[in-house]
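Here's the structure, in structure tokens; my notes come after.
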Amino acid sequence: MSNRVLQLEIMRYDPEQDAEPAYRTYSVPCQEDWAILDALNYIKENLDTTLSYRWSCHMMVCGSCGMMVNGEPSLTCKVFVRDLPDRVRIEPLANFPIERDLVVVLDDVMEKMQRAQLHIIRSGEAKDPSSEHEQSPAALKKFKQYTMCINCMACYAACPQYALDPEFIGPAVLALAHRYNLDSRDQGRAQRLNLLADHDGAWNCSFVGACSEVCPKQVDPAAAIQQMKIEASVEWLKQNLLPGMPS
Amino acid sequence: MSRRPYIRPVSRTAWYMTHVRYKSYMLRELTCVLVAVYCVLILSGLAALASGTQTRWDEFLASQQHLAWILFHGFALVFFTVYQSIAWFGLAPKAMPLQMGDRTVPGGLIVAAHYMLWLVLSAALFWIAGVI
Amino acid sequence: MEHVKTDIVIVGAGGAGLRAAIAIAQANPEIDVSLISKVYPMRSHTCAAEGGAAGVKRADDSLEMHFNDTVSGGDWLCDQDVVDYFVQQAPLELIQLEHWGCPWSRDEDGSVAVRPFGGMKKKRTWYAADKSGFHILHTLFQTSMQFPSIKRYDEFFCLDLVHENGRCTGVVALEMRSGKFFHFEAAAVILATGGAGRIFPFTTNGAIKTGDGMAMAYRAGVALKDMEFVQYHPTGLPGTGILLTEGCRGEGGVLVNRHGYRYLQDYGMGPETPIGEPVLKTMELGPRDRLSQAFWHEQKKGNTVETQWGDCILMDMRHLGEKRINERLPLVRELATSYVGVDPVKDPVPVRPVVHYMMGGIDTNIDGETSMAGLYAIGETACGSLNGANRLGSNSLTELLVFGKRAAQRAIEYIAADADSQGGAGSRSQAETAVKKVRELLQRQTGDESLAGLRREMMNSLEEGAGIYREAAGLEKTCRTLAELKGRFSNIVVHDKSNVFNTDLQQALELQNMLDISETVSASALAREESRGAHQRLDFPGRDDENCLRHSLCWRQEGEQPSMAWLDVNITRSHPGVRDYSGETQA
């Protein structure tokens, strides 16, 4: 297998030593089938054990390894060395405070996930524990795409609205809320919309669409948010012009 | 024990310069300027009509034949009518996905339907205006 | 050091830990649950499981059949009371997940669909496309967020258990972001930290699977059970070890050697079934241990395919067609295309056995109780034993749910009965000692050992001596090497001295845990002089029910090989028979 030497320019930051982040360049001999994450692991094992970053599954499903690769929010286990030029710049995910090196502080989004009522809400009597809800393949297909979010936060790194206004609830959380709104087993759509279709929520989105472009799982959060705007408008009409209509 | 999370500054005026996708977003949004101009234009045309006098109306029509306005209308046709419509029509399937049974209606069909409607409405307008 | 007083600590927020937390929160919202995890919950390795979760569903299936498949699949080393309870609760837990919103794949009539899986006589594996573990984990995580009694401590690395007078009184943990140490004082502790596949060089397991909970219990004097039983999943991608689910074969994928021959029929799993029409429990739907062992033999015979990543066999799914692959196995298609450059729609995919799961773990009973009062273990960390000598695919996702709930219920009963179970001065000084050791490791300035180097030597030694097939000389060598590596660990320097998110220190602590676990694998493998399930001895090729129908137990001994003992298997009604996966006798 042929080796190609890449120059990795990595943003480093140790708050106990550095006033601010700075770049450090490493020469890495890369195998042709490597993902850029493999190059990071090579650096940590052989060149500089102080490099800190998150990773785990290396198969695009845990969402840990989100970083900026040449300015693009990416999953580093999904970006392959064969698709990269010889110089690669690696930075922590944009729009998040930097904790240390390539590790960002995710508290804000985690807190928003907690608030957003991302779970099945049922009204009325509890379902019999020995039988499942019926859900046709068509009904499953309606929301399936929005279940694929791995919470990698690349969408937040791409979203200029989140960059300029950190109060924005943001793409992933809104897409997940939409997932529950579309799930035929859920009955909490009205209360979730009341919570999320407000000035910090769906209406704070101006449909830049960058989130959907960078999403490694093709969740398409931009679509989810626009659909949520329409749903919220219809819901508002129902509540205010036709009170008494079931939601 | 010294955490000191570092917040990278984001330029409020030049954030869109960092990537071509943000620049084309700004371009799309800039078409709102053209919308504003057309609002003013139509209002002044209405005002001319409402004044009741033929001269006011003739003056208005004559003004629109100025080279400057012709260039502007040409520019607006390309940038606003064509570019913005293509951009927004293209995004339509995202905002209104259609599912029949367990098959999704291809986005292309939804986009095509928008163009058809545009064509039909334009044709109707031209017919009313006596152009066709 | 910070002190947190809480009722129940759960270490690990994967499927088992989350299920336990939810069970406690639902049963009694007054109980304070501290859910501690070294990663955010959605990063837990449960997310990587693909194929599905087993539970009897169809009318032509029965609990008895699931019981028999599991017990025979485990080569009769399963504790049958545990299996009985498991098969009974399985469908209920899977339905509970459905109520919580899990997007199970469906049949046309709207009911949950089930797919065939290895070693199972009937179709009973509930699945969510080929991302079942991912969907189960996210369903549990999102459901858990509605309970205020569950307090999460994300990215806290647990260092050691704290115990006093034979009862567990809490844990000590390191807050990764700040470097602060926390002493959690609890009435009960539930360990749910997963397995330790990262001790081997080729594994489906993610970086975090370093056996931390197993090691903590081991260091605290609790026995580890059946550690010699390490499952090799037959179809991992070469190079990265990334998992390609058993569901591929459930949908009809076949395995061929370099001659294009479906070699499994030569190893007692024939006759050859028609392509695309798999027959349950035979050929490609045989149990994982047999399939991985077949690879080893084919490799010896020179029948494997040489690739840039080493020897492989080929998994052919072309006959499934693009539509079916996109619908049922979309992740598999993406993984094969991205990581080995092969599109399964167009070409057969090179695969090989890779370490996937540890049947062994912390010795527990059916309630998840360990020998230490107030200490419980669930999920892959524990060994009940549900899975015996070899786990059937899709049993472990269900296992997380069933025993996550049961251990939680037991822990609730325990703390209610024992109000005065908080630790005292003894606990505090233990906590101080644990912290002191870590500080010493961090501050050490001199040493010439490389962390990555030691880790690699450990992995290679295990692969060489304790792989799919083992024998005494190789195992003895591995035992000696591991002991030597443990000694050399004291010459490691943690170069990163920062308090803020120090992953150098974290990896050193994880290596320490892995070295502890590794010695139990090789020692137990050496002690078990028979071949059973996933443990195969070239020098003891047969199964020896007379002398060896029992679990191995090992306890840590400072500076020496672990001390070993044996524990009888709980056999209620199924007595060891022949594991027959040939098509001829499948009625």
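The values are calculated or read from the model by the stated rules, or taken from the named source; none is laboratory data. Owing to the predicted nature of the structure, the values given are computational and were not obtained by experimental measurement. Positions of Cβ are generated from backbone atoms using ideal geometry, with glycine treated the same way; all protein chains shown enter the neighbour counts. To get the accessible areas, we keep the full protein, side chains included, count just its heavy atoms, and leave off ligands, DNA and RNA. Shrake-Rupley method; radii C 1.70, N 1.55, O 1.52, S 1.80 Å.
What the table below lists for this structure:
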| quantity | calculated |
| --- | --- |
| Close pairs (8 angstrom Cβ cut-off, 6 or more residues apart or separate chains): of a type in the set (S, T, N, Q) in region C:315-327, surrounded by 13 or more Cβ atoms within 10 Å (Cβ to Cβ) anywhere | C:N326/C:R333 |
| Residue match in region C:277-290 (condition: among the hydrophobic types (A, V, I, L, M, F, W, C), assigned to a loop (DSSP other than H, G, I, E, B), within 28 Å of C:A113 (Cβ to Cβ) and open to solvent by 50 Å² or more (accessible area, probe 1.4 Å)) | yes |
| Pick from region A:162-182, criterion closer than 18 Å to B:Y22 by Cβ and away from every other protein chain (no Cβ under 11 Å), ranking: surrounded by the fewest Cβ atoms within 10 Å (Cβ to Cβ) | A:F168 |
| Residue check, B:L34 part of a helix (DSSP H, G or I), open to solvent by less than 50 Å² (accessible area, probe 1.4 Å) and more than 14 Å from every other protein chain (Cβ to nearest Cβ) | yes |
| Residue check, C:C383 open to solvent by less than 20 Å² (accessible area, probe 1.4 Å) and in contact with a Gly (Cβ under 6 Å, 6 or more places away or on another chain) | yes |
| Test for C:S490: is it among the hydroxyl-bearing types (S, T, Y), more than 19 Å from C:M214 (Cα to Cα) and surrounded by fewer than 15 Cβ atoms within 10 Å (Cβ to Cβ) | yes |
| Residues of region B:1-31 that turn out to be open to solvent by less than 70 Å² (accessible area, probe 1.4 Å) and over 30 Å from B:I70 (Cβ atoms), as a count | 12 |
| Residue count for region A:124-149, restricted to those that are more than 7 Å from chain C (Cβ to nearest Cβ) and under 23 Å from A:A223 (Cβ atoms) | 9 |
| Test for A:A223: is it of a type outside the set (K, R), away from every other protein chain (no Cβ under 11 Å) and part of a helix (DSSP H, G or I) | no |
| Among the residues listed as B:E59, B:E29, the single one being part of a helix (DSSP H, G or I) and under 24 Å from A:A158 (Cα atoms) | B:E29 |
| Checking C:M65 against (1) over 30 Å from C:R573 (Cβ atoms); (2) open to solvent by 10 Å² or more (accessible area, probe 1.4 Å), the condition it does not meet | (1) |
| Cβ pairs under 7 Å, 6+ apart, first in region C:435-452 and away from every other protein chain (no Cβ under 13 Å), second of a type in the set (S, T, N, Q) and not in a loop (DSSP other than H, G, I, E, B) | C:D448/C:N491 |
| Subset of region C:469-484 that is crowded, with 20+ Cβ neighbours inside 10 Å and of a type in the set (A, V, I, L, M, F, W, C) - its residue that is nearest to A:R12 (Cα to Cα) | C:L482 |
| Which numbered condition B:F126 fails, given (1) touching a Phe, Trp or Tyr at 6+ places or on another chain (Cβ under 7 Å); (2) at pLDDT 90 or above | (1) |
| Where a residue in region A:226-244 is within 14 Å of chain B (Cβ to nearest Cβ) and its partner, wherever it lies, is open to solvent by 30 Å² or more (accessible area, probe 1.4 Å) and modelled with pLDDT of 85 or more, with Cβ under 6 Å and at least six apart | A:Q226/B:K94 |
| Per-region count, region A:64-123, residues within 14 Å of chain B (Cβ to nearest Cβ) and either assigned to a loop (DSSP other than H, G, I, E, B) or of a type outside the set (V, I, T) (or both) | 23 |
| Residues of region C:175-220 that turn out to be part of a strand (DSSP E or B) and either more than 20 Å from the chain's Cα centre (by Cα) or surrounded by fewer than 24 Cβ atoms within 10 Å (Cβ to Cβ) (or both), as a count | 7 |
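Okay, residues lined up against (1) buried (at least 24 other Cβ atoms within 10 Å of the Cβ); (2) outside any strand (DSSP E or B):
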{"position": "C:A173", "(1), (2)": "yes, no"}
{"position": "C:V222", "(1), (2)": "yes, yes"}
{"position": "C:M227", "(1), (2)": "yes, yes"}
{"position": "C:Y232", "(1), (2)": "yes, no"}
{"position": "C:H259", "(1), (2)": "no, yes"}
{"position": "C:D266", "(1), (2)": "no, yes"}
